[in-house]
Amino acid sequence: MTLPSSTPVPAADASGASDAAPDAALPHTSTSGPAAQGASITVLAPPSTSDPASTAKLTTTSPSSTGTTEPTTTSASRTNTTSTTSPANTSSVVDTTRTAPTAPIVIPAGTVVVIDPGHNGANAKHPEIINKQVPAGFGQFKACNTTGTATNAGYPEHEFTWNVANALRKLLQNKGITVVMTRDSDTGVGPCVNDRAGIGNQAHAAAVISIHGDGEAAGVRGFYVMTAARAPAGPAITAGTEKLALDVRNGMAGVGFPISNTLGSDGLWQRSDLAGLNLSLRPTIMIECGNMRNASEAATMSSAAGQQKYAEGIAAGVEAFLGR
Ligand SMILES: [Zn+2]
């Protein structure tokens, strides 16, 4: 995963240590520590035979959603149109108005979204930079950044987040949204987590989306959306954050991604230990798209088609949020 744990994390973090640092204040009872997590994983681990099927499902649905976010609207319109031709309807003029509720989402001009691809490609080569302690909000300090995790085959989280972020950027820009990225390449170092939060604040972002991939035990599977457990910028922003989290969760689920079978609750998890959330003054979520140590999800997360689909799920949520 991504963000630094409460102690400086050396390059060994890439060996699979989770971003989900233990936190006694967390509401989730199964993550009080690595040992407890491991125990629950043993119980909850799905049979490996389920993985190929789910991979096939994602692959199959990917092409149909590529390039457009409107298939659902089209389908609904067709259904209504068909119903107007049924003998029971005596007035096609009245029935035609039924298509109105499926009007497209309208996003206000000038809307800015900040996309934060977790980690960076050269972090592992510069521990002297990324292990530096920086403010993490509410009096906490954390490492500037971490290397992130990787699949068992070595596909790195920083590359996954970079590719998903760029796919998401294109989808949002196609909707007229202005996008600001927290890093401009996948070959640099940092920026530090507090600086990433500052970018969203300075941009006065309507939404901040931080993208990560998890490095949990192999049986853990699915995505979850994290928000700040404490309100860093007052109740209005917190309400926005909670709506954003629900919309992104629903967007991800809507394109077929499974909600985490282990972490968070129903795809949501309030955290008190993440600087990117604690220091943001804008509606902000951090998403763990999947577990890079799960064989099925590793395949999806390593593929261009899978990365595009993660972007589409997130974009659907962001657009739903902004269209309100
Ligand atoms: Zn991460």
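Bear in mind that the values in this text are calculations on the coordinates, not laboratory data. All of these numbers come straight from a predicted model, not from anything done at the bench. Ideal geometry is used to build each Cβ from the backbone, glycine not excepted, and the neighbour counts take in all protein chains shown.
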* Identify the single condition in (1) touching a residue at least 12 places away in the same chain (Cβ under 8 Å); (2) in contact with a Ser or Thr (Cβ under 8 Å, 6 or more places away or on another chain); (3) over 16 Å from Met301 (Cβ atoms) that Ala231 does not satisfy, given that it satisfies every other one. => (1)
* Structure fact -> Only unsatisfied item for Val179, checking (1) aliphatic (A, V, I, L, M); (2) touching a Leu at 6+ places or on another chain (Cβ under 6 Å); (3) within 16 Å of the ligand (Cβ to nearest atom), is (3)
* Asked: Among the residues of the range 147-170, how many are in a loop (DSSP other than H, G, I, E, B) and of a type in the set (Gly, Ala, Ser)?
  -> 3
* Being aromatic (Phe, Trp, Tyr) and out of contact with any Lys or Arg (no Cβ under 9 Å at 6 or more places or on another chain) is the filter; apply it to the range 147-204 and report the residue that is farthest from Ile285 (Cα to Cα). => Tyr155
* **Residues satisfying the stated conditions in the range 206-216, i.e. surrounded by 24 or more Cβ atoms within 10 Å (Cβ to Cβ) and away from the ligand (no atom under 13 Å from the Cβ)** => Ala207, Val208, Ile209
* To do: State whether one or more residues within the range 156-164 are more than 16 Å from the ligand (Cβ to nearest atom) and touching a helix residue (DSSP H, G or I) at 6+ places or on another chain (Cβ under 6 Å).
  => no
